[in-house]
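Have a look at the structure below, then the notes.
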């Protein structure tokens with residue numbers, strides 16, 4: 001009569017076959033190089049950009065903004081080049097999102113100058129009257145905590161040494177606090193005087209936003 005007359009044994013064997021099939025077709029490919037494309041033009045986040053990404057997640061920005069431009073004509077015309085798998089090689093976790101209460105941000109890097117972002121974060125309605133985005137001006141009043149920056153980049157495998165991380169932080173702080181910084185006036189308007197020579201959470205957030213899609217745009221410029 002075979003196993004068909006033995007429901008318990010049949011159920012166990014069926015479950016084992018399904019489990020093996022699932023492992024082979026789903027989990028094994030996850031660890032194959034072909035399913036984890038990398039590209040030399042995609043660079044890891046700097047320490048400051050990574051801190052900004054953490055703030056972005058902390059504030060739940062990915063609940064309203066996607067970071068995935070689909071390969072559809074209407075999307076490419078509105079947002080830019082469609083998203084590539086290798087762009088997300090250094091994202092842990094992914095922030096693709098599923099809602100567009102606000103616009104997709106995967107190509108926001110370089111679209112606007114830093115001064116625009118300082119004004120927009122301070123008061124979105126100043127630039128877009130009907131925007132329902134809440135203001136985040138208070139981020140400019142919080143000094144950026146970089147005490148764990150090296151540990152974060154190490155855990156994520158970015159390959160930076162401790163001195164690399166410190167140099168990235170110093171370099172970015174020097175840029176945004178310089179008298180020659182192109183967005184100095186806008187930054188000073190939202191940053192308290194006592195923090196204008198320090199890095200703030202808003203500085204880091206803007207650094208992250210300016211990173212999004214920048215590598216792809218650099219590649220397009222070379223071609």
Failed condition for residue 158, given (1) crowded, with 17+ Cβ neighbours inside 10 Å; (2) touching a strand residue (DSSP E or B) at 6+ places or on another chain (Cβ under 8 Å), with all others met?
-> (2)
Members of the range 169-215 found to be within 22 Å of residue 41 (Cα to Cα) and surrounded by fewer than 19 Cβ atoms within 10 Å (Cβ to Cβ), listed by number = 171, 214, 215
Qualifying positions in the range 124-137 - under 16 Å from residue 55 (Cβ atoms) and assigned to a helix (DSSP H, G or I) = 137
Among residues of the range 138-151 being outside any loop (DSSP other than H, G, I, E, B) and under 20 Å from the mean Cα position of the chain (by Cα), the residue nearest to residue 63 (Cα to Cα) is 139
Flag if residue 218 is under 19 Å from residue 48 (Cβ atoms), without any contact (Cβ under 8 Å) to a residue 12 or more places away in the chain and surrounded by fewer than 16 Cβ atoms within 10 Å (Cβ to Cβ) | no
Identify, from the list 199, 209, the residue that is at pLDDT 95 or above, under 19 Å from residue 60 (Cα atoms) and within 21 Å of the chain's Cα centre (by Cα).
-> 209
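The values are calculated or read from the model by the stated rules, or taken from the named source; none is laboratory data. Given the structure is predicted, the values throughout are model-derived calculations rather than measurements. Backbone-built Cβ (ideal geometry, glycine too); neighbour counts: all protein chains shown.
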